[in-house]
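S.K.: After the structure tokens below, expect a handful of questions from me.
The values are calculated or read from the model by the stated rules, or taken from the named source; none is laboratory data. All figures in this text were calculated on a predicted structure; none of them were measured in a lab. Glycine also receives a Cβ, built like all others from the backbone with ideal geometry; neighbour counts cover every protein chain displayed. Surface areas here come from the heavy atoms of the whole protein model, side chains and all, with no ligands, DNA or RNA. Shrake-Rupley method; radii C 1.70, N 1.55, O 1.52, S 1.80 Å.
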Number of protein chains: 6
Amino acid sequence: MTEEIAMAKRNNKAAGDAKKTRASAAATDDTTITALNLPPQPPSPDMAEYFAKCREKLGFVPNVLKAYAFDMSKLAAFVAMYNDLMLAPSGLSKLEREMIAVAVSAQNRCYYCLVAHGAGVRQLSGDPPLGELMAMNYRAARLSRRERAMLDFAVKLTAEPWLIEEEDRARLRGIGFSDRDIWDIAAVAGFFNMSNRVASATDMRPNSVYHRQSR
Amino acid sequence: MTEEIAMAKRNNKAAGDAKKTRASAAATDDTTITALNLPPQPPSPDMAEYFAKCREKLGFVPNVLKAYAFDMSKLAAFVAMYNDLMLAPSGLSKLEREMIAVAVSAQNRCYYCLVAHGAGVRQLSGDPPLGELMAMNYRAARLSRRERAMLDFAVKLTAEPWLIEEEDRARLRGIGFSDRDIWDIAAVAGFFNMSNRVASATDMRPNSVYHRQSR
Amino acid sequence: MTEEIAMAKRNNKAAGDAKKTRASAAATDDTTITALNLPPQPPSPDMAEYFAKCREKLGFVPNVLKAYAFDMSKLAAFVAMYNDLMLAPSGLSKLEREMIAVAVSAQNRCYYCLVAHGAGVRQLSGDPPLGELMAMNYRAARLSRRERAMLDFAVKLTAEPWLIEEEDRARLRGIGFSDRDIWDIAAVAGFFNMSNRVASATDMRPNSVYHRQSR
Amino acid sequence: MTEEIAMAKRNNKAAGDAKKTRASAAATDDTTITALNLPPQPPSPDMAEYFAKCREKLGFVPNVLKAYAFDMSKLAAFVAMYNDLMLAPSGLSKLEREMIAVAVSAQNRCYYCLVAHGAGVRQLSGDPPLGELMAMNYRAARLSRRERAMLDFAVKLTAEPWLIEEEDRARLRGIGFSDRDIWDIAAVAGFFNMSNRVASATDMRPNSVYHRQSR
Amino acid sequence: MTEEIAMAKRNNKAAGDAKKTRASAAATDDTTITALNLPPQPPSPDMAEYFAKCREKLGFVPNVLKAYAFDMSKLAAFVAMYNDLMLAPSGLSKLEREMIAVAVSAQNRCYYCLVAHGAGVRQLSGDPPLGELMAMNYRAARLSRRERAMLDFAVKLTAEPWLIEEEDRARLRGIGFSDRDIWDIAAVAGFFNMSNRVASATDMRPNSVYHRQSR
Amino acid sequence: MTEEIAMAKRNNKAAGDAKKTRASAAATDDTTITALNLPPQPPSPDMAEYFAKCREKLGFVPNVLKAYAFDMSKLAAFVAMYNDLMLAPSGLSKLEREMIAVAVSAQNRCYYCLVAHGAGVRQLSGDPPLGELMAMNYRAARLSRRERAMLDFAVKLTAEPWLIEEEDRARLRGIGFSDRDIWDIAAVAGFFNMSNRVASATDMRPNSVYHRQSR
């Protein structure tokens, strides 16, 4: 495939040299974060520390946090819930939680979350196509039975929550998920059903740096 | 209507006297709160205080809190976000926020949230039929233009979040909602899209006392 | 639960004392029955007798009958079909027929029928939560296999009638329903698919007394 | 077009001569009318007279009547409502009522009603392609504004009855429909939403003669 | 059924005699073929020959070809693909390919393709009701297991292509379809998903002669 | 943003160093191109030349061509139609045609086409985020009125082709599209509705090189 990569690079260069007649679709994404005019409050000490940690670990503050920063109580509540769900100990790996985030966001066609958490899947898995698959159609991915059952549950819960019943939980248990794991799948799927809607309602824009991450 | 009420009371009594051949559909709802076996942790001091406040103010602890009580961090994060959204100062009245909660939960056909927040609408409005309308079809209610626009936004955001665009926000602004109000509509609608899914995923049961409240 | 009920009553009273700033959502439901200006004809002798019987048995004349009363032929045809379906001998109990009525009306989100027949389920079952479950999400109810299969058939027939096939009928037969029972399930489900649409098309309003019945 | 017709006739003959390797898809439609084993009752005098009238006017008894004939009360109620809706005086012409019947049945993909009432549209209009258009996609037909508005209302009422509101009725009034006409549109659309479901639930088969009628 | 046919003929005649107050719904279908003003190019020699062959074999040139005739390259590409798919050797019979065409077009409610290929099914099968069934609801047809599985695959692929997975292909293989047959089912279904959309986008009208063919 | 990029690179490297515990989701995509066992024919001279041209211009032969190569007639017909639609002169730019391809493929959640044509949008626009937007939710992109109208038409035509009417075409004309342009929008949208389904039906896998192109 060496030749193919060389060719692809030449193509990339050619396109880069071409005179751009349009601004990048992400031109203002790092400055105009939502469609709502809600100027940030001065960060509380806790949140200032958290932002600093983001900059240190990620290199930037995710735009969703800047969007919530107009109100420190809302920001703190969001951060507390997010970190508990995505980073605290769980029977689900961090990659599994990100996979749920992206598959749910694909069902809801949420631009912000697909870009931000698509990057998360690429980074945690070290496998860029896996991120694409989660964002495009998780059913086309070659997944383990465990991963597939987890995502089927999360996506059904997203699309038609009223149809979830005991047999859906039984299927997860049959594959080895504990009741706590089922809670976590539901809670992560639920959380992104919330975030997708806050992002879509406000036209939230992902940091442009995500597009290049872990490709 | 006096005669009609008398008649209705007689009918109620007749049905009450009739030998019941089946257990109530809510028979176990106060004891088996979800389909997951997740025993409660000992409450943290904060949460113990909060539960006490619920008992004092409501007469009971809402089952959703008992469901989250298997993990104090998750419970605290949920309570912090819920109280900020539903009780903190906002351009939306508490009744408006409950109306969003019920209209969203109706779109998602979530039994727990319809029962619990339907009671909330009945109580805050003092108008039981308003609670029924929110749960059954908010479009059939005689609402102010403001209320209707708010619910149309929340329900569209629930059903097809990918279709929300600037013109949807412009409609809200045109009726007098501020950007902060739009955030709050989105955040409340988003929150119940999360809660509906956690409740549906776990078969969460509403406290039986809700059924009789504010009728 | 005695304490909880006392608390709930206090809450009810508080809300009742609160100055109401809005008219009840049902304020005109007993006087403006539909959005169409179709004044009633003088009742035929048969229909006059039937209305009298309604007043005697129910305490009121259901608004749907008043809505049809602009034309005695249409009223008589409606009454004949309704009474045959809902009251005549059948392998389905009257409660089962009301359960179908409500589950179908929930699929179609019909305010009139959910209120009127939700009351019917509460009264015939003596179990208010059962009425709520039928109106909100019948899948969340603890039903017998027979009831569940009956409602699954009725709701599939409502949502996607073109998908009903021999295997759907076979499932009902396997649970003990006769061919006549299957007809009756289909006929009751069909009837409410009609009534839901007449009610929705005309903004038909349920008698306000239903809201308080059998709670 | 004379040459084209001659050619078409030759093609028809060729196909007719070809050895048929399969029974007609309608082979048993005149004998096995539904998938339910519900033998007919002896007809009541009224119904015997009505069947005779069908044979005289149509040349046959429509299978839907034979399907209901297992119970004379049900048959009589169905016939009374059908005849009132489709044949009694109305601001809607008989053709308009048949057009509603077919457009509704197309939304519900009901084989029985599309065949039987498609023939009705062909016969009443003298225009076979109009029948095809109603059954396939009424939006592709060249209709008057009145016809189009009528069918848009009927089909929206069929697909999403919960979305019908005052502005839908206002549109009909703006085109000249009276409140009574609106009732009739709703009632005919409602009736076929019922009949479609009874037919689909029972696999009701149309009389084979319909296929050749008014072509 | 002789008497029924005689009666049906009398009915046809009566309707034919009736003064028509409206032009046929197909009045302009043979002259105004699409809603786009795209005058035909002079046919290339190949295409002139192909048109002549259509006139000889069918008696007319199908309107879809006239629609593409504004550009000979596009016409030639369409004809090449169409003829390969529908007429070249395949494990699927020509009738089976036409059945797929109609069932797909019914899902997409495409007037042009339903009329043109409905006639195709009638002619190739010699069984007019089979054409009606494909256009109205293929699930109501008495099909072989092979035919049913083939159409289930084609219609699922049409409605929700993202849900097709290995188990769908396995079902076809289990019934005896080869991998090449599966390709052909997919390719024919895909082709009509394209043609349905070109026809719907341009309001393409079927040759009026199709309506009378093979009835 | 320099610091952010540096940080992102460090993150990428960390993930790359991490021991991979799973094979890449694209591990076999360049060798097992579809789920069907259809070995390639020897290429015809035309097709051999075309493959050579692909290798020269792109650096590889797109997998969709290898998938069709089991039958030279099918391959030639596909290539002829594809090249005419996507590369021949048109009022639509090549980028616009690729944007339609991706927006349609997003509606149909087609993995193959989203990957291959997402790369096409990135390359032709020189703007990677534009490719992401087309694949995730084109409504979130900052598009010209022309681009937006074009994609709205193409996606409505994809999702509900039966709803396209004169007013949809009029909207395009009002923005400056000619009738020929409308044909081209429809034809490109139609073509990808076909290709999406052939790809989904066969589990077609995109060349892995696409993932890295023009990032």
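S.K.: Which residue fluctuates the most in chain E, going by a Gaussian network model with Cα springs under 10 Å, if the choices are E:Leu124, E:Leu92, E:Leu38?
M.R.: In the Gaussian network model the winner is E:Leu38.
S.K.: Could you give the alpha-carbon Rg of the range C:18-148 over 2.2 N^0.38 Å, rounded to two decimals? Provide the component values of the computation, followed by the final result.
M.R.: Numbers: Rg = 16.7 Å, N = 131, 2.2 N^0.38 = 14.0 Å.
It is 1.19.
S.K.: Then there's this: Give the calculated FRET efficiency between E:Glu160 and F:Leu163 to the nearest 0.05, with a Förster radius of 25 Å applied to their Cβ-Cβ distance.
M.R.: Numbers: r = 18 Å, r/R0 = 0.72.
Rounded to the nearest 0.05, the efficiency is 0.85.
S.K.: Here is a further query. Starting from a label point 7 Å past Cα on the Cβ side, list the distances from A:Pro39 to the same position in the other copies, nm, shortest first.
M.R.: Those label-point separations list as 5.4, 6.4, 6.4, 7.3, 8.8 nm.
S.K.: Would you mind working out the magnitude of the charge dipole of the protein assembly as shown relative to its Cα centre, with +1 at each Lys and Arg C-beta and -1 at each Asp and Glu C-beta, to the nearest 20 Debye?
M.R.: Details: 174 positive and 150 negative charges, 1 e Å.
For this selection, approximately 0 debye.
S.K.: Give a residue-ordered list of calculated ³J(HN,Hα) values for the range F:161-170 (Karplus: 6.51 cos²θ - 1.76 cosθ + 1.60, θ = phi - 60°; whole Hz; x for Gly, Pro).
M.R.: x, 5, 9, 6, 9, 4, 5, 5, 5, 4
S.K.: How large is the charge dipole for the range E:133-215, taken about the Cα centre, if only the Cβ atoms of Lys, Arg (+1) and Asp, Glu (-1) carry charge, to the nearest 20 debye? Each step should come with its number before you reach the end.
M.R.: Details: 14 positive and 11 negative charges, 110 e Å.
Using Cβ point charges on Lys, Arg, Asp and Glu, the range E:133-215 gives about 540 debye.
S.K.: What average number of partner chain Cβ atoms lie no more than 10 Å from the Cβ of the residues making up A:157-164?
M.R.: The mean count of partner-chain Cβ atoms within 10 Å per residue comes to 6.
S.K.: Give me the dipole magnitude in Debye, nearest 20, for chain A about the Cα centre, with unit charges on the beta carbon: positive for Lys and Arg, negative for Asp and Glu. Intermediate results must be reported in sequence, preceding the final value.
M.R.: Details: 29 positive and 25 negative charges, 164 e Å.
In debye, rounded to 20, chain A gives about 780.
S.K.: Heavy atoms of the protein only, probe of 1.4 Å, neighbouring chains included. What is the accessible area of E:Tyr111 in Å², nearest 10?
M.R.: 10
S.K.: Which listed residue (A:Ser178, A:Ser144, A:Pro161) has the Cα farthest towards the positive end of the charge dipole for the range A:111-215, taking +1 on Lys and Arg C-beta and -1 on Asp and Glu C-beta about the Cα centre?
M.R.: Sorting the options by dipole projection puts first A:Ser144.
S.K.: Measuring from the axis that superposes chain F on chain B, report the chain F residue with the minimal C-beta distance, rounded to whole Å.
M.R.: F:Glu160, 8
S.K.: Given points 7 Å out from each Cα along the Cα-Cβ axis, report the F:Ala88 to D:Arg171 separation in nanometres with one decimal.
M.R.: Taking the two extended label points, one gets 3.9 nm.
S.K.: So, one more: Can you tell which of A:Leu95, A:Asn63, A:Tyr82 lies farthest toward the positive end of the dipole of the range A:36-95, using +1 and -1 charges on the Cβ of basic and acidic side chains (Lys, Arg; Asp, Glu)?
M.R.: Most positive-ward Cα: A:Leu95.
S.K.: Could you give the Stokes-Einstein D for the protein assembly as shown in µm² per second, using the C-alpha Kirkwood radius, 20 °C, 1.002 mPa s? Write out the running numbers ahead of the final one.
M.R.: Working: Rh = 32.9 Å.
Estimated diffusion coefficient is 65 µm²/s.
S.K.: Relative to the other copies, what are the label-point distances for C:Tyr82, with labels 7 Å from Cα along the C-beta vector, expressed in nm at one decimal and sorted shortest first?
M.R.: When each copy's label point is compared with this one, the spacings are 2.3, 4.1, 5.5, 5.5, 6.3 nm.
S.K.: Another question, then. Could you order D:Asp127, E:Asp152 so the one with the most accessible surface comes first? Probe is 1.4 Å.
M.R.: E:Asp152, D:Asp127
S.K.: Could you tell me what % of all Cα pairs in the range F:131-177 have separations over 18 Å?
M.R.: Numbers: 330 of 1081 pairs.
In whole percent, the long-distance tail amounts to 31.
S.K.: Related question: Could you pull the copy-to-copy label distances for C:Glu165, with points set 7 Å along Cα to Cβ, in nm to one decimal and sorted shortest first?
M.R.: Reported distances to equivalent positions: 2.0, 2.0, 3.4, 3.9, 3.9 nm.
S.K.: Hey, another quick one. How about chain C: what cysteines have no other cysteine beta carbon under 4.7 Å from their own?
M.R.: Cysteines lacking a close Cβ partner in chain C: C:Cys54.
S.K.: Stokes-Einstein at 25 °C, 0.890 mPa s, Kirkwood radius from Cα pairs: D for the range E:70-140 in µm² s⁻¹? List each step's numbers first, then the result.
M.R.: Numbers: Rh = 12.7 Å.
The estimated diffusion coefficient comes to 193 µm²/s.
S.K.: Jot down the per residue volume, in cubic angstrom and as a whole number, of the convex hull over the alpha-carbon atoms of the range D:63-215. Before the final figure, lay out each step's value.
M.R.: Working: hull volume 16.6 nm³, N = 153.
Per-residue hull volume (Cα only) is 108 Å³.
S.K.: To continue, here is another question. How large is the helix-only mean residue ellipticity at 222 nm for chain B, computed as the sum of -39500 (n - 2.57) over DSSP H runs with n ≥ 4, divided by its residue count, in deg cm²/dmol to the nearest 500? Intermediate values should be presented prior to the final figure.
M.R.: Details: 10 runs with 139 residues, N = 215.
The helix contribution divided over chain B gives -21000 deg cm²/dmol.
S.K.: Let me ask another. With θ taken as phi - 60° and the coefficients 6.51, -1.76 and 1.60, list the Karplus ³J(HN,Hα) couplings across the range A:116-133 in order, rounded to whole Hz; mark glycine and proline as x.
M.R.: Going residue by residue, I get 5, 8, x, 4, x, 5, 4, 5, 5, 8, x, 9, x, x, 4, x, 4, 4 Hz, with x marking Gly and Pro.
S.K.: Let me ask something else about it. Convert each backbone phi in the range F:79-91 into a coupling constant with the Karplus relation 6.51 cos²θ - 1.76 cosθ + 1.60 (shift: θ = phi - 60°), then list the ³J(HN,Hα) values in order as whole Hz, x for Gly and Pro.
M.R.: Per residue, the Karplus-derived 3J(HN,Hα) values read 5, 4, 5, 4, 5, 4, 6, 9, 10, 5, x, 6, x Hz.
S.K.: Hey, in the GNM for chain B with a 10 angstrom Cα cutoff, which one of B:Val79, B:Val104, B:Val155 fluctuates hardest?
M.R.: So, out of B:Val79, B:Val104, B:Val155, the one fluctuating most is B:Val79.
S.K.: In bins 10 Å wide, starting from 0, what share of all Cα pairs of the range D:152-215 does each bin hold, as a percent?
M.R.: 18, 38, 26, 18, 1
S.K.: Which value in nm describes the separation of the simple spin-label points at B:Arg55 and B:Arg148, placed 7 Å from the Cα toward the beta carbon?
M.R.: 4.7
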